[in-house]
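The values are calculated or read from the model by the stated rules, or taken from the named source; none is laboratory data. Just so it is clear, the model here is predicted, and its values are computed rather than measured. A quick note on method: Cβ atoms are made from the backbone with ideal geometry, for glycine too, and the neighbour counts reach across all protein chains shown. Surface areas here come from the heavy atoms of the whole protein model, side chains and all, with no ligands, DNA or RNA. Shrake-Rupley method; radii C 1.70, N 1.55, O 1.52, S 1.80 Å.
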Amino acid sequence: MKPTLMKAPPNRATWRSSDVPTALLYLTPALLGFAVFYAWPLFRGVQISLTDWNLLSPAEWIGAANYQKLFTDPLFWNALKVTAIYVVVNIGSQMILGLGIAVLMQRLRIGTGTQSAILLPWLIPNVTVAIVTLFMLDPNVGFVNEVLDYIGASTHSFYGNSDLAIYTIALVNTWRNMGYTALLFYAGIQTISPDLYEAAALDGASGWRSFWSITLPMLRPITALILVVSMIGSFQIFDTVSVATDGGPGNATRVIYFYIYQKSFEELNMGYGAAMAVVLFALIFTFSLLQLRALRATESDVN
Amino acid sequence: MKNKPRITVSRLIERIVLVFLLLITVFPFFWMLRTAFVANANIFSDSMSLIPKEPTIVNFKRVLGLSTTEESLAAGGNGQQLDFFLYLGNSLLFTAVVVACQVTFSALAAYTFSRLRFRGRDALFTVFLSGMMIPPIFSMLPNFALVRSLGWIDSFAGILAPYLLITPFAIFFLRQFFLGISREVEEAARIDGAGRFQILTRIVLPMASGPLTTLAIIQAVGAWNEYMWPQLVGRDDSVKLLNVAVAAFAKSSPNSQPDWAGLMAAASLQVIPMLILLIIFGKKIVSSLGFSGVK
C-alpha cells in the first residue's frame, strides 16, 4: 500500500531520443485540453476579474475595483463562512463514519452484496438526492418528521430552518458519500497484515485497543489521501443547494460556489464573479499545498 | 488462523449498527418508490403505510407525459412533463462519450509519463497535476465565454468540451499503476520488434484492465452526476441531460404544495437505471473501487 507519488525511473534524455515524437503524439489531447481549459481560463479568469464585463456590453477595465467591493461585501464573507461550516461538518462526519463502517465491514466480514447496498446513494446524482431528502425531511409529510412526531420528539423543517439548513445539507452529502469513503478505508484496512492483530490479541489487546494502536496508525497515509480528495470535492458544494434550498432560507446556505454562480450567471456580473473565483482559487491553492505538505510528512513517517 | 466471529454482546451491537446503516442508506429510496405510487391527494392521509393503500401509476403517467394536462392538474401537478427517454438518451450519450475520451486520453498520457523519456517530462506532469487545484467554478466563467463565442451553447459540443481532453486525476491514477507494472514483458516485446503503440495496446492496457475499469466506473458516476455546467450551457430540450430536466421539474413545482408524488416518480425514473446497474454489477463495482484509494 503506497498512496504516494511514485517516482518514474530517471529521465535520461540522451537515451532513446526517438521517444519525443511518440510522446508529443500521445500527449496531444492532454496538451490541447490543458492549454484551452486550464491555462487559458487561468489567464482569462484573472483578466475578467479586473473588468466590469456583463456578457452584454464590451468589458471595461476597472482595475481592482471588484476586489475592493468584495472585501466589504457581507454576502461574500457569509458565503465563505457557510462554506467553511459545510466543509468541516461534511468532511469530519464523512471521515469518521466512513472509517467506522469500514471497520464494521472488516469485523463482520461483510459480503459484497451488503457493501454495494451501502454504496447505493453514491451512485445517485446529487440532484436526485436533494429531491428525495427534501421529501424525507419535509416538515408536513416527510417520513423523518412523522417518526419524530410518533416517538414524541419535536419536528423540524430541516432544509427550511436557517439554523439547521447548512448542517442538513452537509449531513445529507455525508449520507451520500460515506459508503464510498468506507470502501476506500476498507481497501486500506485489508492491506494491514492479520498477523499484527493476532499478535495484539495474544497480548490480550481488546478490539478497541487494536483499532487505536494498529488500524488507525497503519491507515494514516490513506487517510491523508482520502482527506485531500474529499476536501477538494467538498468545497464544490453546489447541486444540493441549487435544488433543495436555493441558497436560503435567507443566506443560510448561500455557499461560495452558489454565490459566485448567481453573481456571474444570474446577475450577469461576470467581473465580480471572477474576482470571487480568484480569491477562492487562492484559498484552495493554499489549502492544497498545506495538505500536500502534511501528506509528505506522513509519507516519511511510514517509510 | 481464521477465528470464527463469536456471538458476544459487542458482536450483537455491531450487527444492530450494520442493520441500522443498511436501513438508512436504502430506506429513502424505498420510500421514494413507494410514494411514487401514491396519489398526491393521499399524500397526507397515507403518509406512513409501507405499501400504498391505493396504489396508482398516475404519477409515472403524467411525469412521462402520457396523461392529458387536465388529468395531470387534477392529480396535483402543474402540467410539467419529462421527456424522459429523450433526456435519458442524452445523459447516456454524454456519460459514454466522457468516459470513453477520458479513459483513452488519460491512458495515453499516463503511459507517456510513466514510460517514455523526454526532457521536461516530470515537470510537465506536475503542471498537469496542479490543474486539479483550479476550482471548476473558476474555469467555468472563461469556458462559458469561450463556448458562447464559438456558438456552442445548447449543443453537445459545448456541454462535452471541457470534460474530454484532459482529466488530471485520471492521468495521475493510471500513471501510478503503469509505474507498478513490471517492464520485463515490455522489454521482451520490444526486442521482438513491437512498436510503442503495440506495447501499449497489447501488453500494458490488458495488464491494467482492473484499474481501467475502476477509473471508468468513477468517471461514469461523476459524469452521470454532472449538473452545474450542463444546466448552464445545455438548456435546450435536444441536449438537456436527465439531471438538468429532473432539477427543472423540481424547481417548477407549485409553491403552495410541492408535487411530491410527481417528484418521487421523476426521481424513481432516475434511480431505477442505477439500481439495475448496481444489482447486476454491484460486486464488480465494489471490488474494483477498492483499487482507487490504495496503491
Residues in segment A:83-104: is at least one open to solvent by 40 Å² or more (accessible area, probe 1.4 Å), assigned to a helix (DSSP H, G or I) and of a type in the set (Phe, Trp, Tyr)?
no
Evaluate segment A:131-152: report whether one residue or more is open to solvent by less than 20 Å² (accessible area, probe 1.4 Å) and in contact (Cβ under 8 Å) with a residue 40 or more places away in the chain.
yes
Can you give me the number of residues within segment B:11-40 that are over 21 Å from residue A:131 (Cα atoms) and out of contact with any helix residue (DSSP H, G or I) (no Cβ under 7 Å at 6 or more places or on another chain)?
7
Looking only at segment A:39-71, and only at residues there that are open to solvent by 40 Å² or more (accessible area, probe 1.4 Å) and closer than 21 Å to residue B:158 by Cα, the one that is modelled with the lowest pLDDT:
A:56
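Inside segment B:114-131, can you point out the residues that are at the interface with another protein chain (Cβ under 7 Å from one of its Cβ atoms), buried (at least 18 other Cβ atoms within 10 Å of the Cβ) and in a helix (DSSP H, G or I)?
The initial filter retains those residues of segment B:114-131 that are at the interface with another protein chain (Cβ under 7 Å from one of its Cβ atoms), namely B:114, B:116-119, B:121-122, B:128, B:131.
In the following step, the residues that additionally are buried (at least 18 other Cβ atoms within 10 Å of the Cβ) were identified as B:114, B:116-118, B:121, B:128, B:131.
Residues satisfying the conditions are B:114, B:121, B:128, B:131.
Residues checked against (1) within 30 Å of residue A:241 (Cβ to Cβ); (2) buried (at least 22 other Cβ atoms within 10 Å of the Cβ); (3) not charged (D, E, K, R):
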site: A:176; (1), (2), (3): yes, yes, no
site: A:184; (1), (2), (3): yes, yes, yes
site: A:197; (1), (2), (3): no, no, yes
site: A:214; (1), (2), (3): no, no, yes
site: A:225; (1), (2), (3): yes, no, yes
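Using the structure shown, decide if residue A:208 is within 10 Å of chain B (Cβ to nearest Cβ), assigned to a helix (DSSP H, G or I) and modelled with pLDDT under 85.
Details: within 10 Å of chain B (Cβ to nearest Cβ): yes; assigned to a helix (DSSP H, G or I): yes; modelled with pLDDT under 85: yes.
Yes: the conditions hold for residue A:208.
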Mind checking whether some residue in segment B:56-68 is over 30 Å from residue B:204 (Cβ atoms), modelled with pLDDT under 80 and assigned to a helix (DSSP H, G or I)?
no
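Does any residue of segment A:125-143 turn out to be in a helix (DSSP H, G or I) and more than 9 Å from chain B (Cβ to nearest Cβ)? It would help to see each step written out before you state the result.
As a first pass, look at segment A:125-143 and keep what is in a helix (DSSP H, G or I): A:126-136, A:143.
Within this subset, residues satisfying the condition of being more than 9 Å from chain B (Cβ to nearest Cβ) are none.
Within segment A:125-143 (the criterion being in a helix (DSSP H, G or I) and more than 9 Å from chain B (Cβ to nearest Cβ)), the answer is no, since none of the residues qualifies.
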